[in-house]
Each structure stands twice: as structure tokens, then as C-alpha cells.
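Working notes, beginning with the structure itself.
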Amino acid sequence: MKPENDIQPNDATELSSVKPDIFYKVDIVVIGAGQAGLSAAYHLKREGVTPGKGFVVLDDEFGPGGAWQHRWDSLTLSNVNGINDLPGMTFADAVNTEDKALQANIAIPKYYEQYERAFELPVIRPIRVSEVTEKNERFIIRTNGIQFSARGLINATGTWKTPNCPRYPGWEKFKGRQLHTAEYKNAQEFVGKHVIIVGGGISAVQLLGEVSAVTQTTWVTRRPPDFRKYEFTPELGHEAVAMVEKRVREGLPPNSVVSVTGLPITPAIEGMLKKGVLDRKPMFDEITATGVRWADGTTLDADVIFWNTGFRHSLDHLAPLKLMNDKNGIEMSGRLATQVARDPRIHLVGYGPSASTIGANRAGRAAARELIEFLKL
């Protein structure tokens with residue numbers, strides 16, 4: 001084998017068959033092949049960076065589709081929120097969008113698969129990045145397979161792999177079932193069971209509607225839900241994203257967009273309000289063997305505690321780079337706040353203002369162009 005400095009892979013297929021203890025040099029490694037990662041890869045190639053030799057995309061899934069392939073079965077083209085076209089190919093080019101009953105966890109992976117193939121993107125999978133360190137002004141990307149050395153890094157790992165499930169006192173005592181949004185498949189598994197649904201975001205409300213249609217539910221949130229009578233417009237969306245962007249540019253942890261916009265009262269939510277499904281209770285203080293207990297001593301028995309409490313950004317593999325500040329945030333810079341201020345060689349797409357499906361495409365383009373300019377490729 002050639003020494004590290006001379007190794008430059010030709011394509012992703014070649015890389016998948018080599019020894020795992022060899023390091024391969026590329027200019028840029030993209031971690032994650034969801035929407036933001038694919039957008040970044042598309043623009044890297046479009047700007048002239050050679051696939052395989054110049055950049056690779058590392059993905060820990062067994063197939064295309066990013067987090068979409070793990071979404072619940074009842075999420076169809078009729079009720080999914082936020083399918084956005086990837087650059088260069090529309091969703092309608094790959095999927096029959098008239099079939100509203102088509103499951104999102106089937107349709108979108110199909111779209112991503114055709115997209116990767118059409119643009120011949122150098123995606124390597126399944127390969128999991130365990131940590132990223134720095135040596136001799138290059139990033140060392142350690143994985144469970146092939147190892148990489150790169151000059152620049154675009155991290156697009158999203159949040160799906162790191163669900164946020166707060167461990168309330170008594171968690172281990174509960175004899176029923178506890179699950180997170182990431183584990184949900186469909187409401188039928190809860191028929192005949194009393195389900196406590198925890199969380200005040202859009203997913204929590206949507207799944208509360210589904211589950212309450214087939215069984216008894218209790219809705220619990222930390223703060224009163226912020227229902228607002230307005231139509232969500234692109235202008236409001238941009239305003240919310242701008243507020244999140246301001247936080248990350250100041251080095252603060254990003255808030256969710258819904259914390260800024262609130263929950264618009266849609267026809268579905270109006271129906272749930274009329275049925276009393278959205279009769280919210282405050283957050284309990286303790287989990288018991290058979291349910292939950294509030295501070296005033298009130299108890300409630302339940303069979304299932306369903307945590308719709310969001311996700312954390314999947315950044316643990318970047319911990320050795322010490323990007324986090326004492327505010328528990330990462331100070332971001334660049335045109336769309338994708339660039340890490342303390343190290344311009346690193347871009348985080350899908351973090352902060354680019355966490356939305358709308359922002360992911362623009363973030364991928366900005367990260368690719370700014371990194372190419374900084375590295376002088």
C-alpha cells in the first residue's frame with residue numbers, strides 16, 4: 001500500500017473494498033447523506049471538486065434516504081410537512097406526487113436514491129464516523145471502516161440519531177412501555193392502552209391526533225402550548241429562522257423554529273380542540289411503576305409514556321475538536337451561519353437556522369462555496 005500522503009481514492013466503490021487501517025486523503029469529507037449533505041455534495045461537484053479524489057460523503061445508513069426512511073408509517077404525502085426539492089432534480093421527477101397515500105418513508109428514500117445515482121455522488125455506506133481529530137493541520141476522520149484525512153469538513157449529521165428523552169425521577173421504575181418519536185411506527189400498536197404523550201411541538205400534536213383517534217390519551221407539556229391564529233407564510237418562516245441564526249452567531253444554543261413561531265391553528269388542530277384532545281396537563285414530577293405523579297400528589301396510571309421531546313444535534317463525534325463554548329453553543333459565522341467561527345475549515349449544515357428542510361439546500365450551497373474559497377480549491 002502507498003503511504004498516506006500519496007493515497008487518493010478514485011471513487012466510492014474503490015474505497016469500500018480496502019483495508020480499514022489505511023488513511024485516505026481527500027480535500028473535503030461530508031458527513032451525512034440527508035438533504036443538507038446531498039445538497040453540499042451536489043454543489044461541491046458542480047463547483048469543480050472531483051468526486052472521490054476531491055470529496056466523499058460518509059453515511060451510516062444502509063441505504064439512501066437519511067432520517068426519512070425511519071419516519072412513522074402514517075406520515076404520507078398528504079400530511080408530511082416539508083418535502084423540498086434537492087438542487088438539480090425535483091421530487092416529482094422521481095416520485096408520483098399525485099399519490100397522496102404514498103408513505104414518506106418510502107417515497108423520499110426513493111427520491112434520494114435516484115438523486116445520488118443521477119449526479120454520481122460519491123456516497124460511501126454504511127460507515128459510521130466515531131470521532132474527528134486534528135493532526136498536522138488536517139482532520140483525521142475515524143470510522144468503523146475506512147479512515148480519512150481531509151483539509152475541510154462539512155458536517156450534515158442532523159438530529160435523528162440523538163433523540164432527547166429527559167430522564168425524570170423514577171424512569172427505571174415504570175413497568176409499561178416508554179418510547180420516543182424516533183421509534184414510533186403507527187397508532188395501532190397502542191389500541192386499548194392509555195398513552196401519556198409528552199411534548200409541545202408540531203410532531204407531538206400531530207401524533208397526539210393520530211393516537212387519540214384509536215385509544216385514550218393524556219397530553220403533558222412543560223409549558224402551555226402556544227397556539228396562534230394565523231396562516232404560516234414564508235415571510236414568518238424567514239423571520240423565525242433569522243431569530244435562530246442570531247442566536248448561533250452569538251454562540252448560543254439554537255432554539256427550535258416552533259419556539260419562535262408557535263403552533264398555527266390548522267383545521268386539524270381546530271378539530272382536536274373541539275374534541276378536547278388538546279386538554280393539556282402540566283409536566284409531571286415523577287414516574288411511578290404504573291404511571292406518573294405530579295407535585296401536588298395527583299397520580300395517573302398509564303400503559304405507555306410517549307416522549308415527543310425533540311432531538312439533539314448529532315455532534316458527539318466532533319467533541320475532540322472542542323467547538324462547544326461555555327454557553328453550550330457553537331459560535332457560527334459565514335453567509336448563512338454554517339461556518340464555525342473558530343475554525344473556518346468546518347461547516348455545520350442542518351445546525352441552527354439550516355435545520356429546516358427549506359434551509360438545508362441553501363446551507364449546502366453556501367458551505368460548499370465558502371469552503372472551496374477558503375481552501376483555495
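General observations
- Being of a type in the set (D, E, K, R), surrounded by fewer than 18 Cβ atoms within 10 Å (Cβ to Cβ) and in the same structural domain as A367 (by TED's automatic domain parsing) is a property that R177 lacks.
Quick grid of which residues meet (1) part of a loop (DSSP other than H, G, I, E, B); (2) among the aromatic types (F, W, Y); (3) at pLDDT 90 or above:
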site: T133; (1), (2), (3): no, no, yes
site: F148; (1), (2), (3): no, yes, yes
site: W160; (1), (2), (3): yes, yes, no
site: Q178; (1), (2), (3): no, no, yes
site: L207; (1), (2), (3): no, no, yes
site: V214; (1), (2), (3): yes, no, yes
site: P225; (1), (2), (3): yes, no, no
site: F232; (1), (2), (3): yes, yes, no
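- The stretch 237-248, subset among the hydrophobic types (A, V, I, L, M, F, W, C) and either in a strand (DSSP E or B) or surrounded by 17 or more Cβ atoms within 10 Å (Cβ to Cβ) (or both), residue modelled with the lowest pLDDT: A240
- Within the stretch 189-199, if we keep just the residues that are part of a loop (DSSP other than H, G, I, E, B) and in contact (Cβ under 8 Å) with a residue 40 or more places away in the chain, the residue that is surrounded by the most Cβ atoms within 10 Å (Cβ to Cβ) turns out to be G199.
- Qualifying residue in the stretch 32-48 (condition: assigned to a loop (DSSP other than H, G, I, E, B), modelled with pLDDT of 70 or more and out of contact with any Leu (no Cβ under 9 Å at 6 or more places or on another chain)): yes
- Residue identified as among the hydrophobic types (A, V, I, L, M, F, W, C), out of contact with any strand residue (DSSP E or B) (no Cβ under 8 Å at 6 or more places or on another chain) and either assigned to a strand (DSSP E or B) or not assigned by TED's automatic domain parsing to the domain that holds V220 (or both) among A337, A319: A337
- Taken together, A367, A355 contain a single residue that is within 12 Å of L44 (Cα to Cα), in the same structural domain as I31 (by TED's automatic domain parsing) and within 22 Å of the chain's Cα centre (by Cα), which is A367.
- Restricted to the stretch 249-278, and to residues there that are modelled with pLDDT of 90 or more and part of a loop (DSSP other than H, G, I, E, B), the residue that is nearest to T218 (Cα to Cα) is L252.
- Subset of the stretch 108-131 [touching a helix residue (DSSP H, G or I) at 6+ places or on another chain (Cβ under 7 Å) and outside any helix (DSSP H, G or I)]: F119, L121, P122, V123, I124, V129, S130, E131
- Test: residue in the stretch 342-352 that is within 30 Å of W219 (Cβ to Cβ), assigned by TED's automatic domain parsing to the domain that holds T133 and outside any loop (DSSP other than H, G, I, E, B): yes
- Considering residues of the stretch 328-351 that are farther than 14 Å from L371 by Cβ and surrounded by fewer than 22 Cβ atoms within 10 Å (Cβ to Cβ) only, the residue nearest to the chain's Cα centre (by Cα): G329
The values are calculated or read from the model by the stated rules, or taken from the named source; none is laboratory data. Since the structure is predicted, the reported quantities are computational estimates derived from the model, not experimental observations. Ideal geometry is used to build each Cβ from the backbone, glycine not excepted, and the neighbour counts take in all protein chains shown.
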